[in-house]
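Okay, structure first, notes after.
The values are calculated or read from the model by the stated rules, or taken from the named source; none is laboratory data. As the structure is a prediction and not an experimental result, all values here were calculated from the model. A quick note on method: Cβ atoms are made from the backbone with ideal geometry, for glycine too, and the neighbour counts reach across all protein chains shown.
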């Protein structure tokens with residue numbers, strides 16, 4: 001199932017991302033590359049270092065601005081659900097395939113952003 005996410009993706013549309021960014025306070029790049037290695041997925045953005053995600057119990061990782069997060073990744077009905085927690089805050093990032101597109105929904109507090117990517 002995770003193989004469906006593997007590839008290089010370019011951003012084709014984005015809604016409400018600036019408001020989501022204000023809530024989170026970190027940057028994301030306009031392109032995303034997903035590499036699969038068995039039970040490991042590696043997400044690479046053009047404007048941030050790579051992030052490795054594992055289908056394991058919650059684990060700690062630090063991002064490009066040295067914010068250390070507690071991350072949990074699950075696969076729920078074909079949707080990759082990534083929950084990040086830090087300093088009493090929480091965000092959920094859902095990645096799903098819709099036809100030939102990668103749709104990413106970013107949720108923090110009452111702010112939701114939807115970004116659509118197609119294969120590069």
Report summary line: Going through (1) modelled with pLDDT of 90 or more; (2) under 17 Å from residue 13 (Cα atoms); (3) surrounded by fewer than 15 Cβ atoms within 10 Å (Cβ to Cβ) one by one, residue 109 fails only at (2)
Requested in this report: Would you check which residues across region 72-90 are buried (at least 16 other Cβ atoms within 10 Å of the Cβ) and either out of contact with any strand residue (DSSP E or B) (no Cβ under 8 Å at 6 or more places or on another chain) or touching a residue at least 40 places away in the same chain (Cβ under 8 Å) (or both) and list them?
Outcome: 80
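Quickly run through region 97-117 and pick out the residues that are in contact with a helix residue (DSSP H, G or I) (Cβ under 9 Å, 6 or more places away or on another chain) and assigned to a strand (DSSP E or B). Spell out how you get there, then give the answer.
First, pick out the residues of region 97-117 that are in contact with a helix residue (DSSP H, G or I) (Cβ under 9 Å, 6 or more places away or on another chain): 97, 102, 106-115.
Of everything in region 97-117, those that are in contact with a helix residue (DSSP H, G or I) (Cβ under 9 Å, 6 or more places away or on another chain) and assigned to a strand (DSSP E or B) turn out to be 97, 102, 106, 107, 108, 111, 112, 113, 114, 115.
Within region 91-106, which residues are out of contact with any strand residue (DSSP E or B) (no Cβ under 6 Å at 6 or more places or on another chain) and surrounded by 14 or more Cβ atoms within 10 Å (Cβ to Cβ)?
97
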Report task. All but one of (1) at pLDDT 55 or above; (2) under 14 Å from the mean Cα position of the chain (by Cα); (3) surrounded by 13 or more Cβ atoms within 10 Å (Cβ to Cβ); (4) part of a strand (DSSP E or B) hold for residue 53, so report the exception by its number. Result -> (1)
Report task. Take residue 69 and decide whether it is modelled with pLDDT under 85, part of a strand (DSSP E or B), surrounded by 16 or more Cβ atoms within 10 Å (Cβ to Cβ) and in contact with a helix residue (DSSP H, G or I) (Cβ under 9 Å, 6 or more places away or on another chain). Result -> no
